[in-house]
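Chemist: Please read through the structure below; I'll follow up with questions.
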Amino acid sequence: MFKRSRKKNYAHNTEHGKAYLSFPMINGQGKGDIAQLRYGLSTMSYSGCEVISVYNALVYLGIPRPIHDIALYMERYRVMLGYWGCNVYCLGKALGRFGVEYERVKTTEESKAFIVSYWTGKRFRSSIHSVFCVRKREGIVVYNQYNNCQRELLYKTDEEVIGKLRPIAVYRITGVAGESGIYEI
């Protein structure tokens, strides 16, 4: 049954995800074509933020992959059949699978590019959200911050991005693995 759902999701996402073959950064997972793509027993609108954060990281690094390929790989790490998204402690496996050098760290500080997973409200009583971020001189650019926000947002501090609670998981992106070794960012 579960393999069949992965195959069905892959077929659906391949057919309906053609808008993402030009590899735009994704913002607003609840808007547009991305909202209709499937992950687990749900849609990307509800439970696809981890898939989208990996996709955005790959696009940023210049090694984009079709979102349907990323979602298919990450289906093996879904929580509650994908209804609760992906296991955030397995995001590093997906990054590594697609050629990204990373390290799991405790805070977002001193990370130029990173994926952070955090509680959207009270710990254990709210949902978890994962976003891809890039630290620039002006502040931190966050992609897919909210379900209905269709552009990246700029924040001055780490606390503005994730609130006062400690992040659940942070993956600092350090480079891209390639034929000639590691390209550091």
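Every number in this text was worked out from the coordinates using simple rules, so none of it is lab data. Remember, it's a predicted structure, so these values are computed and weren't measured experimentally. Heads up, the Cβs are rebuilt from the backbone with ideal geometry, glycines too, and the neighbour counts pull from every protein chain shown.
Chemist: Among S127, V51, I115, which residue has its Cα furthest toward the positive end of the charge dipole of region 2-184, with +1 on Lys/Arg Cβ and -1 on Asp/Glu Cβ?
Modeler: About the Cα centre, the residue reaching furthest to the positive side is S127.
Chemist: For region 57-70, just list the computed ³J(HN,Hα) in residue order, Karplus coefficients 6.51, -1.76 and 1.60, θ = phi - 60°, integers in Hz, with x standing in for Gly and Pro.
Modeler: Running phi through 6.51 cos²θ - 1.76 cosθ + 1.60 with θ = phi - 60° gives 4, 5, 5, 4, 6, x, 10, x, 10, x, 4, 5, 5, 5 Hz.
Chemist: OK, next. Between (1) 1, 7, 15, 18, 18, 15, 11, 8, 4, 2, 1, 0; (2) 1, 7, 11, 10, 8, 7, 6, 6, 5, 4, 4, 3, 3, 3, 3, 3, 3, 3, 2, 2, 2, 1, 0, 0; (3) 1, 9, 18, 23, 22, 16, 9, 3, 1, 0, which matches P(r) over Cα pairs in 5 Å bins from 0, in percent calculated for the structure shown?
Modeler: (3)
Chemist: As a check on your grasp of the helix formula, calculate [θ] at 222 nm for the chain: sum -39500 (n - 2.57) over DSSP H runs of n ≥ 4, divide by the residue count, round to the nearest 500.
Modeler: About -8000 deg cm²/dmol.
Chemist: If you don't mind, another one. Using amide H atoms built in the peptide plane, which far-off residues or other-chain residues are under 5 Å from A169 H to H?
Modeler: So A169 has HN proximity to S117.
Chemist: Given labels modelled 7 Å from the Cα in the Cβ direction, how far is it in nm from E160 to E138?
Modeler: Distance between the two pseudo-spin positions: 1.1 nm.
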